[in-house]
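Let me begin by presenting the structure, written as structure tokens, before commenting on it.
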Amino acid sequence: MATPRIVLFGATGFTGRLTAEALVARGARPLLAGRDQTRLTALADSLGGDVSVAVADVGRPESVRRIVARGDVLISTVGPFVRWGEAAVAAATEAGAVYLDTTGEPTFIKRIFQRYGPAAAARGAALITAFGYDYVPGNLAAALALGKAGPRAVRVDVGYFVEGGMARRASAGTRASALGMILEPMYGFREGRIVPEHGRTRRFVVDGRVRHGLSIGASEHFTLPPAHAGLREVNVYLGWLGGLTRVAGVLAKATPVIGAVPGVRRATEALADRVLRTGGGGAPAGTGVSSRIVAEAYDAEGRRLAAVHVAGGDPYEFTAGVLAWGAATALAKGVHGTGALGPVDAFGLENLARGCAEAGMTVRE
């Protein structure tokens, strides 16, 4: 049998390239996979030439299946994931491999847990979706806050906040994914179940400042409740819009109506395709970008029982670093469980905290 390896699918994209560099920096020798042989070879040469390449394309799912075998760790950075992510998930499931991806798209995350998870468990595969800035640090902070709060905790709120030049740093893939998310149905977790969610906002205090967040569907809604029996409500908020958050909340309430207008979804997809073709964004690191993630646990009366803050730098650098750590750890030691897993489930809380610290995210309790 072939020796298990790390396969990086989408290696020549913005996040893929960062991840390839982070893997090689850890001493890993991944198989770099993507659509363009020339770009793959150039990337391999830039990394020292001691890595292999393979051509694989989501338009030909069999080409993705060919590069993944049992025991492998498959990283997918190919987005927007709702449109192009399924080939990698199917390949990892069929092979019985460990799968990690970089999605932040609520619909795709939900699909992993509700549709693909059972099939993966049956085949001995482990699917760890949203394994990057979206949404590893929130899972870590929330698990720590709930652990501090104890059995009285029935609700946890998580907020993600970024400072600095994130608009210039955002890659074309991120912007295309964001466009695809505009009309997708959001969700939350309340009264012990996944429920539709549109436009909920709230305020956090972060480093002494009031910050506003807009609710979004995330992996925390699926990963936290099974591990904390008394948890009845999970809310996740993105605070990247600053003072426009509340306006965005009002617009979000109208998305079900807007999405039903004929031609709107097709126009949104066309705009996303144009963003990908024209590229742009992806400014170099060092543009003053910093991250803060907050998790707060509450009791049934709404009293805050515990809060944990996680602080770091550039989200893309963290994503590449934590992916490299996760893939290397999974290859060397395996993960805990099969099916659709959260990051804490897969690696354990203490180990995940160490991995996040290595990737640049530190806990402030």
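What follows draws every value from the coordinates through simple rules; no lab data is involved. Just so you know, these numbers come straight off a predicted model, no measurement behind them. Quick reminder, even Gly has a Cβ in these numbers, built from the backbone with ideal geometry, and neighbours come from all protein chains shown.
Over the Cα atoms of region 74-172, each weighted equally, I'd like the Debye log10 I(q)/I(0) at q = 0.17, 0.21 Å⁻¹, rounded to two decimals.
Taking Cα atoms of region 74-172 as identical point scatterers yields -0.87, -1.07.
Explain nothing, just compute: Karplus ³J(HN,Hα) = 6.51 cos²θ - 1.76 cosθ + 1.60, θ = phi - 60°, for every residue of region 59-66 in order, whole Hz, x for Gly and Pro.
x, 10, x, 5, 5, 6, 4, 5
Using the Cα atoms of region 1-78 to build a convex hull, what is its mean projected area in square nanometres?
Reported value for the Cα convex hull: 4.8 nm².
Say R0 is 30 Å: what FRET efficiency, to the nearest 0.05, do R190 and A122 get from their beta-carbon distance?
Result of the calculation: an efficiency of 0.50.
Averaging over all projection directions, find the projected area of the Cα convex hull of region 284-365 and quote it in nm² with one decimal place.
For region 284-365, averaging the hull's shadow over all directions gives 7.2 nm².
In 5 Å bins starting at 0, how do the alpha-carbon pair distances of region 185-233 split up by percent?
5, 19, 23, 20, 18, 12, 3
Ordered by residue, what ³J(HN,Hα) values in Hz, to whole numbers, does region 347-361 give under the Karplus form 6.51 cos²θ - 1.76 cosθ + 1.60, where θ = phi - 60° and Gly and Pro are x?
My calculation for region 347-361 gives 10, x, 5, 5, 5, 5, 4, 5, x, 5, 5, 4, 8, x, 10 Hz in order.
Please give the FRET efficiency for R209 paired with R35, using the beta carbon to beta carbon distance and R0 = 35 Å, rounded to the nearest 0.05.
After rounding to 0.05, the efficiency reads 0.20.
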